[in-house]
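Notes follow the structure.
The values are calculated or read from the model by the stated rules, or taken from the named source; none is laboratory data. It should be emphasised that the depicted structure is a prediction, and the values quoted were computed from it without experimental measurement. Here Cβ is always computed from backbone atoms with ideal geometry, including for glycine, and neighbour counts include all displayed protein chains. All accessible areas refer to the heavy atoms of the entire protein, side chains included, with ligands and DNA or RNA removed. Shrake-Rupley method; radii C 1.70, N 1.55, O 1.52, S 1.80 Å.
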Amino acid sequence: GAVVSQHPSWVICKSGTSVKIECRSLDFQATTMFWYRQFPKQSLMLMATSNEGSKATYEQGVEKDKFLINHASLTLSTLTVTSAHPEDSSFYICSARAPGGTRANEQFFGPGTRLTVL
Amino acid sequence: GNSVTQMEGPVTLSEEAFLTINCTYTATGYPSLFWYVQYPGEGLQLLLKATKADDKGSNKGFEATYRKETTSFHLEKGSVQVSDSAVYFCALNDYKLSFGAGTTVTVRA
């Protein structure tokens, strides 16, 4: 149980285009999902907290107009990188918070999406 | 604010050697503590966790004990294998996860 998927697993796009990344909780409902960015050989940087039915909360320094987050259902959050540029190339990882019980507050991670902007 | 300080790597070991990765934290309150492992090109997998002081998390031969007095959560494994080669992240959870910098471990046959 507690499986999180991401799609696509990797994407290559041209500079100036927009890219959408999906994060799904497959066997549980997640009212809260998180989006992280990871540069090569570095730790994960929290970009934003996505709450179902409300606006995302962005961390300081993250451009909300650049990284659009939508959490339209209890099992799906999307991250759209708008007008992508080469500096947006990175590994994007989402996680979903467990709903409660013995695994309350535990986050389950997706496999990540490798974005390369040419 | 919350923060995690993790032993810097990279760490290179021979098979069957003893592994320890130090992790200390700063937090208000009593967060849960985690160790995650990341294999090349993949997302994070939870390795083990501890939710309160003196709890010991264990999995796949790895262990870590939540030490409130020293604010530490060091990861240990008595006999590593080549398949343990990965990046290990210490993290604390106080609603949001705060990660350490990660430690790259390479185990040679």
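So what is the accessible area of segment A:56-100 per residue, in Å², with the probe set to 1.4 Å?
Per residue, segment A:56-100 has 44 Å² of solvent-accessible surface.
Report ³J(HN,Hα) in whole Hz for each residue of segment B:97-109, in order, from the Karplus equation J = 6.51 cos²θ - 1.76 cosθ + 1.60 where θ = phi - 60°; Gly and Pro get x.
7, 10, 9, x, 6, x, 10, 7, 10, 10, 10, 9, 5
How about chain B: which chymotrypsin sites (Phe, Trp or Tyr not before Pro) there are in a DSSP loop, with at most 14 other Cβ atoms within 10 Å of their Cβ?
Qualifying residues, ordered by number: B:18, B:95.
Around residue B:9, which amide H atoms from residues at least 5 apart in sequence, or from another chain, sit under 5 Å from its own amide H, with H modelled in the peptide plane?
Amide H neighbours of residue B:9: B:104.
Across chain A, where is the longest run that never hits trypsin sites (Lys or Arg not before Pro) in a DSSP loop with at most 12 other C-beta atoms within 10 Å?
Answer - A:56-118.
Provide the per-residue ³J(HN,Hα) series for segment A:21-27, in order, calculated from phi with Karplus coefficients 6.51, -1.76, 1.60 and θ = phi - 60°, each as a whole number of Hz, with x at glycine and proline positions.
With the stated coefficients, segment A:21-27 comes to 10, 9, 10, 10, 8, 7, 10 Hz.
Over chain A, what per residue volume does the convex hull of the Cα atoms give, in whole Å³?
97
If you roll a 1.4 Å probe over the protein assembly as shown with all protein chains in place, what percent of the accessible area is carbon or sulfur?
Looking at the protein assembly as shown in its full context, I get 50 percent from C and S.
Say the cut-off is 18 Å between C-alpha atoms; which of A:20/B:96; A:14/A:66; B:56/B:77 go over it?
Those over the limit are A:20/B:96.
State, as an integer percentage, the relative contact order of segment B:20-109 based on alpha-carbon contacts under 8 Å between residues 6 or more apart.
Relative contact order of segment B:20-109: 30 percent.
What total accessible area, in Å², is buried where chains B and A meet, using a 1.4 Å probe and rounding to the nearest 100?
Counting protein atoms only, the buried area is about 1400 Å².
Which of the residues in segment B:71-109 show a loss of at least 20 Å² in accessible area from their chain by itself to the complete set of protein chains, at a probe of 1.4 Å?
B:89, B:93, B:95, B:96, B:97, B:99, B:101
What is the Cα centroid distance between segment A:1-47 and segment B:1-34, reported in whole angstrom?
25
Determine ³J(HN,Hα), in whole Hz, for all residues of segment A:34-48 in sequence, where each value follows from phi through the Karplus function 6.51 cos²θ - 1.76 cosθ + 1.60 and θ = phi - 60°; x replaces Gly and Pro.
10, 10, 10, 10, 10, 8, x, 6, 10, 7, 7, 10, 5, 9, 6
D for chain B, whole µm²/s, Stokes-Einstein with Kirkwood Rh over alpha-carbon pairs at 10 °C and 1.306 mPa s: what number?
Translational diffusion coefficient: 115 µm²/s.
Which residues does the label zone of residue B:94 cover in segment B:29-57, counting backbone N under 18 Å from a point 7 Å along Cα→Cβ?
Flagged as within label range: B:29-35, B:50-54.
In Å², and per residue, what accessible area does segment B:58-109 have when probed at 1.4 Å with the other protein chains present?
44
Per residue of B:27-36, what is the mean number of Cβ atoms on other protein chains within 10 angstrom of that residue's Cβ?
1
Collect residues whose amide H, placed 1.01 Å from N in the peptide plane, falls under 5 Å from the amide H of residue A:48; neighbours closer than 5 in sequence don't count.
Correct list: A:35, A:59.
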